[in-house]
Amino acid sequence: MLNPRSSSAHSELGLLYVKQGKRAEATVEFDKALALDPRNKDAIQGLRGIR
């Protein structure tokens, strides 16, 4: 189960979505990760790779 308060969990889910080609879902998860932790490097890099 995903902890909704975990920035790293959202960024990991975002990375999984990227690997599956689900860019829209990945963007949502990276945005959630950054809302919880604006310095989450994985989420920042993930969004850069999508945009």
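Computed from the coordinates by the stated procedures, all read-outs in this text should not be read as laboratory data. Keep in mind that what you see is a predicted model, and the values were worked out from it rather than measured. Reconstructed Cβ throughout: ideal geometry from the backbone, glycine too, with neighbour counts over all protein chains shown.
If a residue must be surrounded by fewer than 15 Cβ atoms within 10 Å (Cβ to Cβ) and not in a helix (DSSP H, G or I), how many such residues does region 1-12 contain? Working first, answer last.
Start the filter on region 1-12 by keeping residues that are surrounded by fewer than 15 Cβ atoms within 10 Å (Cβ to Cβ), which leaves 1-5, 8.
If we keep only those that are not in a helix (DSSP H, G or I) as well, we get 1-5.
Count: 5.
Taking into account only those residues within region 30-51 that are basic (Lys, Arg) and part of a helix (DSSP H, G or I), which is nearest to the chain's Cα centre (by Cα)?
Within region 30-51, the first condition is being basic (Lys, Arg), and the residues that meet it are 32, 39, 41, 48, 51.
Okay, now just the ones that are also part of a helix (DSSP H, G or I), so 32, 41, 48.
Numbers: LYS32: 7, LYS41: 10, ARG48: 11 Å.
Only one residue tops the list, namely LYS32.
Going through region 13-29 one residue at a time, which ones are within 20 Å of MET1 (Cβ to Cβ) and assigned to a helix (DSSP H, G or I)? Give the derivation first.
As a first pass, look at region 13-29 and keep what is within 20 Å of MET1 (Cβ to Cβ): 13-17, 20, 22, 25-26, 28-29.
LEU13, GLY14, LEU15, LEU16, TYR17, GLU25, ALA26, VAL28, GLU29, listed by residue number.
Can you name every residue in region 16-32 that is farther than 11 Å from LEU47 by Cα and of a type in the set (A, V, I, L, M)? Talk me through it step by step, then tell me what you get.
Let us first name the residues in region 16-32 that are farther than 11 Å from LEU47 by Cα, namely 16-17, 19-22, 25, 32.
Passing the criteria: only LEU16.
Identify the residue in region 1-15 that is of a type in the set (A, V, I, L, M) and more than 9 Å from the chain's Cα centre (by Cα) and, among all such residues, is nearest to ALA43 (Cα to Cα).
Keep residues of region 1-15 that are of a type in the set (A, V, I, L, M), which gives 1-2, 9, 13, 15.
Still in the running and more than 9 Å from the chain's Cα centre (by Cα): 1-2.
On the way: MET1: 19, LEU2: 16 Å.
That would be LEU2.
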